[in-house]
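These notes are about the structure you will find just below.
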Amino acid sequence: MRAIPAASAALLGVGALVMTAPAAQAHGDTSGFRGSVLPAVIAAGGQVTLRATGCEQSVTVSSAVFDTVTVPRGRTTAGVRVDRDAEPGAVHEVSFYCGTFWQSVDLTVAGGRPVTADHPRRGVHAGEGGSLAGLNLKEIGLGAALVVASLGTAYQLSRQRADEDGDGT
């Protein structure tokens, strides 16, 4: 009789893990989706080509140095003009979104002295570096909460069942 509560706990735990798997895969690089900016270094006011491959739907591309652009479904490229007032030497992130998949690449504004970590021009350029790049802490927290809740519920149900079995003898 104790096998049923243990199986229930195991099934609830596996179910919670399966429910969190799509969120974990959403930021992975398993789709074959790729984004690029050509040229990667451009003068302020210059025209760049945004290239997105491996996506079966429209791709949205955004950055701080140009307006948001959509690469229509069935096409792989779109052109966009970099803002004329973009700071020379600055490096900007360009983000490509294909459904739940995304990828970021850098675009450098040519001219002037490059902005480095030793000599930032306007504060520190903060980003997602190290081993946490691409992780969404809200999704990880939600997944952990689901796993803990399912295990706690399964444990509580198995204890109640054991108490009921023990009282009847």
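What the table shows:
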item: Selection within the range 71-113 - polar (S, T, N, Q) and under 15 Å from ARG34 (Cα atoms); result: THR76, THR77, SER95, THR100, GLN103, SER104
item: Restricting the range 48-80 to residues that are in a loop (DSSP other than H, G, I, E, B) and among the polar types (S, T, N, Q), the residue that is surrounded by the fewest Cβ atoms within 10 Å (Cβ to Cβ); result: GLN57
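FYI, it's all coordinate maths here, none of it is from the lab. Everything quoted here is computed from the prediction, not taken from an experiment. Note that we place each Cβ from the backbone using ideal geometry, even for glycine, and neighbour counts take in every protein chain shown.
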